[in-house]
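This report refers to the structure that appears directly beneath it.
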Amino acid sequence: MEEFENYDEFKKMQTEWALLNLVRELRGISNKGATPTYYSAIKLATQIVPEIFNEKSLIVQRHHEPDLVRSFRQKAEAQSKLEGRIVEAVEIVDQEITKLNQQIGTDIINNDLLKKELDKVQIVRSLLIPRNVQEDYILEHDVKSFKFDIQPIEIGTKHADYKVSENRIIRVRLIHPNDGEQSMGADLIYEQYDQENKKVRFTMIQYKIWDGELLYWSQAKNLDPQLKKMEDNLCKNHFCKCENGNNYATTYRYPFCCAFLRPTDKLQFKNSKFTSSGMHIPICKINGVTEESKDGNKILKKRNMKETSLSHKVFEENFNLNQIGSRWMSYSDAEKLYKEHKILEDDERIIIHVQELEL
């Protein structure tokens, strides 16, 4: 495994890694249970956070194309040698697509695996011909090819929107790392809009790198201040309470928690495999499961939080189903909160374009 050259490089990689997981989660709500690839997350990150994910980014420099794409590139290189001319990878892909279409067009009884193979090769073609990110691998792979039944309305520089039912819209909002004035303490916000009743609900998430088992407060930059901001702005202002003033509902659902911490596994080496076992724990439950070392350092242990946390997949599914998150509130109440904390400018509204679209 390739070691980091120095601590600054290690720290830079962990920062990028945490932000990449945040962007990946921003995309995740569209997948309705299926996890987006890190490849698609990197492509989106280069669009919405270009000052972090660019040619100088450690993650961008080291990430590889999917194996099937690289396979066709290698076939093209080898065929160029055999034919004594430049053979482009897309030419090899087109030949394979033609062959698969001919095979699917025969009268064999079963052709389901051939169709799956054709879907994969068509995705490879979309990767070999760069297009706008909204038409590229992200939507080709995560939405169109696998029929997740959630149609994207818009992917913006700081959000992604999805229509999840006739009158429901979900927005996943990225709190940009350069938005220094915002004082909410969160990195990512999930919002769901009930257009018929003009209501919105949300949940907010703070990301922190850990080693997969332990999170030390002494090593997590600004963790206490950020958690306190979320507690003061959300919990103490009763956004986690329903209309009756309780933290529970008459129908089945989790409590109305709307402020979560998401510990994210760090990368041990420069070429570590991109995997994350991120868990979401309500910030009101953190003190009950943390331990304190002899020197007074607070420690969050994975084994202690299993019963009080949700995996990212369960988190996304349950927010979609209105089983986690804040109570429903008016658009104006949410706008007031967002403007107070510089998430929205004074002249912005939370969901202007959705009101203008014909859905």
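The values are calculated or read from the model by the stated rules, or taken from the named source; none is laboratory data. Only a predicted model underlies this, so the values are computations on that prediction, with no experimental measurement involved. Counting neighbours? That spans all protein chains shown, and the Cβs are built from the backbone with ideal geometry, glycine included.
Here are some notes:
- Subset of the range 104-134 (residues that are hydroxyl-bearing (Ser, Thr, Tyr) and at pLDDT below 90): SER126
- In summary, TYR162 fulfils each of the numbered conditions (1) at pLDDT 80 or above; (2) under 23 Å from the mean Cα position of the chain (by Cα); (3) closer than 23 Å to GLN323 by Cα with the single exception of condition (1).
- ILE286 vs. criteria modelled with pLDDT of 85 or more, over 19 Å from ASN21 (Cα atoms) and not in a strand (DSSP E or B): yes
- Qualifying residue in the range 261-275 (condition: modelled with pLDDT under 90, surrounded by fewer than 21 Cβ atoms within 10 Å (Cβ to Cβ) and either more than 28 Å from LEU20 (Cβ to Cβ) or β-branched (Val, Ile, Thr) (or both)): yes
- The residue pairs whose first member lies in the range 41-58 and is not assigned by TED's automatic domain parsing to the domain that holds ALA160, whose second member is small (Gly, Ala, Ser) and crowded, with 21+ Cβ neighbours inside 10 Å, and whose beta carbons are closer than 6 Å, counting only pairs six or more residues apart or on different chains, are PHE53/ALA45.
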